[in-house]
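Input: a single structure, listed below in structure tokens.
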Amino acid sequence: MKHWWPLRIAKFLAIAALALFVIGLVIMLLWNALVPDLFKGPVITFWQAVGLLLLSHILFRGWGGWHYAGGWRHRRWKHHLEERLAAMTPEERDKYKDELRRRCGWHPGQEAESKTSTSV
């Protein structure tokens with residue numbers, strides 16, 4: 001039995017540390033090259049740049065895991081709905097779609113009805 005998993009973990013950690021270093025360095029250099037001259041802001045250190053990276057990740061992506069990457073959640077939901085609709089008869093499919101429209105508050109003739117009711 002080969003014990004290769006510790007090597008893979010060490011390799012992953014080394015690549016992650018290198019990526020964090022490179023990205024933090026790029027952020028620091030870009031910030032220090034642009035912000036002090038353009039906005040009279042402060043010069044930041046490497047660790048402040050890493051903190052900005054973490055803060056921007058939290059603010060723009062949230063605490064969620066990898067489910068945002070590539071939108072696989074949306075694809076999984078869409079695939080599940082398509083499978084469900086494919087297994088139904090045309091009558092069941094129409095009834096299911098009507099029920100979804102009712103729950104979502106949208107009906108094809110709703111715009112025309114609302115216009116006539118408000119104009120009276």
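Computed from the coordinates by the stated procedures, all read-outs in this text should not be read as laboratory data. Predicted model only: the values in this text are computed from it and were never measured.
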- [ ] Provide the per-residue ³J(HN,Hα) series for segment 49-61, in order, calculated from phi with Karplus coefficients 6.51, -1.76, 1.60 and θ = phi - 60°, each as a whole number of Hz, with x at glycine and proline positions.
- [x] 5, 5, x, 5, 4, 5, 4, 5, 5, 5, 5, 9, 10
Open item on the list: For segment 5-64, compute Rg over Rh where Rg is the Cα radius of gyration and Rh is the Kirkwood radius from the inverse mean 1/r over Cα pairs.
Closed with: 1.12
